[in-house]
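As C-alpha cells, the structure follows; a few thoughts come after it.
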Amino acid sequence: MSQKYEFSFPVKGDNFDDAGKASIQIKKRLKGLGITGDVLRRTAIAIYESEVNIISYARQGNINIRVTDDNISINIRDSGPGIADIKQAMQQGYSTANDRIRKMGFGAGMGLFNIKNCSDDFEILSKANKGTLLKILINR
Amino acid sequence: MTLHEIRELLDARVLAGKNHLDVEVKTAFSADLMSDVLAFAKPGSIMITGLTNPQVVRIASIVDNSAILIVRGKIPPDETIALAEKLEIPVLSTKYILFETSGRLYANGIVGCIRKIEGPGSVVPL
Ligand SMILES: Nc1ncnc2c1ncn2[C@@H]1O[C@H](COP(=O)(O)OP(=O)(O)O)[C@@H](O)[C@H]1O
Ligand SMILES: [Mg+2]
C-alpha cells in the first residue's frame with residue numbers, strides 16, 4: 001500500500017545561531033521514515049544549504065517536505081528580497097554574502113549549485129521583493 | 001587509524017565524545033568552507049577545520065563525519081562542545097596547523113574524500 005507523509009518546518013531569517021537546526025530535525029524525521037544512504041544524504045545536504053540561504057538572505061521561510069514511495073519533494077519558500085538574476089545566482093562563486101555568513105563557513109557562492117547537484121529535479125521561482133521558492137525533487 | 005591513534009599522533013585534546021574513540025577512520029576532509037564539506041565529505045570521514053561554531057557540529061551530523069578535528073589549538077565555545085556531546089560526535093583539538101595536521105594524517109594512510117575537481121560539477125574520485 002502506498003503511503004504519503006508531509007511535514008513543514010519554519011525557518012527564521014537572520015537567526016545565525018540556529019542555522020542547521022531545522023535540517024538536523026528533518027534528517028532525523030526522514031530517517032525514521034526509513035530513508036537511508038545516498039538519498040537521505042542528498043536530501044539533508046540540499047535542505048541544509050536552503051536553510052542557510054533563508055537565514056542569510058530572507059526574513060523568514062518555510063521548508064515543506066512530502067515523502068511518497070517514489071520520491072521526496074521539498075518546497076522551500078521564503079518572503080525575502082527574491083533573486084533578480086537566477087542564472088547569475090546559480091553560478092559557482094557568485095555571492096552577495098556578508099561577513100557574518102562567511103564567518104560561519106558559508107558565502108562562497110556554492111550553495112545553489114550544491115542543491116542542484118543533490119537534486120534529481122530542481123527549479124527556482126523568484127520575484128523581486130516577494131520572495132523565493134525552491135522546488136527540489138529527489139527520487140528514492 | 002582509530003581516533004585514539006589520531007589523538008596520539010597529533011597530541012590532540014579530546015573535547016567531546018571521549019567514549020567514541022574506537023572508530024576506525026580511513027578518509028578526511030580539510031576545509032574552512034562548510035559548503036565544500038557538504039559537497040564533498042564522505043560518510044565516516046573526519047572533518048579537519050579551523051572553525052569552531054556550532055554549525056560545524058550540525059554539518060558533521062548531516063554528512064555523517066566520524067569526528068571533528070580542530071586545528072591551530074583553537075578551543076570551541078561551550079555550546080559547540082555541548083551540541084557535539086548531544087549528537088555524539090567526537091571533537092578533538094590539535095595545536096598543529098591545518099597543513100601539518102593533514103600531512104601527518106596522510107603520511108599515516110588517511111586519504112582525502114575525493115581526489116580533485118576537473119571542472120564545474122566534475123569530481124574525480126579517489
Ligand atoms: N533565498 C534567497 N533569497 C534571496 N537571495 C538569495 C537566496 N538564495 C540565494 N540568494 C542569492 O544568490 C547568491 C548565491 O547563493 P548560494 O549559491 O547559496 O551561495 P552563497 O549563499 O554562498 O552566496 C547569494 O549570495 C544571494 O545573493
Ligand atoms: Mg548559500
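The values are calculated or read from the model by the stated rules, or taken from the named source; none is laboratory data. Note that the structure is a prediction, hence the values are computed from the model and not measured. Don't worry about glycine lacking a Cβ; one is built from the backbone with ideal geometry, like all the others, and counts go over all protein chains shown. What goes into the accessible areas is simple: the full protein's heavy atoms, side chains included, and nothing from ligands, DNA or RNA. Shrake-Rupley method; radii C 1.70, N 1.55, O 1.52, S 1.80 Å.
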Work out the charge dipole of the protein assembly as shown with +1 on the Cβ of Lys and Arg and -1 on the Cβ of Asp and Glu about the Cα centre, then indicate which of A:Asn129, B:Gly17, A:Ser23 is farthest towards its positive end. A:Asn129
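Provide the per residue accessible area, probe 1.4 Å, for chain A, rounded to a whole number of square angstrom. Walk me through the intermediate numbers first.
Details: 7280 Å² over 140 residues.
With the other protein chains kept in place, chain A gives 52 Å² per residue.
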Tell me whether segment B:1-115 comes out rounded, prolate or oblate; compute the Cα gyration tensor, take square roots of the eigenvalues as a ≥ b ≥ c, and use a/c under 1.5 as the rounded threshold. rounded
Using a 10 Å cut-off around each Cβ of peptide A:14-21, what is the average number of partner chain Cβ atoms that fall inside? 4
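Calculate the dipole size of segment A:4-139 relative to its Cα centre from +1 charges on Lys and Arg beta carbons and -1 charges on Asp and Glu beta carbons; express the result in debye to the nearest 20.
With Lys and Arg at +1 and Asp and Glu at -1, about 220 debye.
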For segment A:1-117, with the dipole built from +1 on Lys and Arg beta-carbon atoms and -1 on Asp and Glu ones, taken about the Cα centre, which of A:Ser2, A:Ile47, A:Gln88 lies farthest toward the positive end? A:Ser2
Loss of accessible area when B meets A, both sides summed, Å² nearest 100, probe 1.4 Å: 1800
Cβ neighbours within 10 Å from other chains - mean over B:53-64: 6
Packing-based ranking, highest mean first, of B:34-43, B:6-15 given that Cβ atoms within 10 Å are counted: B:34-43, B:6-15
Given the options A:Val11, A:Asn62, A:Gly32, identify the residue whose Cα lies farthest towards the positive end of the charge dipole of segment A:1-110 (+1 on Cβ of Lys, Arg; -1 on Cβ of Asp, Glu). A:Gly32
Select from segment A:102-123 all residues whose loss of accessible area on going from the chain by itself to the full protein assembly reaches 10 Å² or more (probe 1.4 Å). A:Lys103, A:Met104, A:Gly105, A:Phe106, A:Ala108, A:Met110, A:Phe113, A:Asn114, A:Asn117
Would you rank B:Ile81, B:Ile75 by solvent-accessible area, highest first, keeping every protein chain in place and using a 1.4 Å probe? B:Ile75, B:Ile81
When every protein chain stays in place and a 1.4 Å probe is rolled, A:Asp85, B:Asp78 sorted by accessible area with the largest first are B:Asp78, A:Asp85
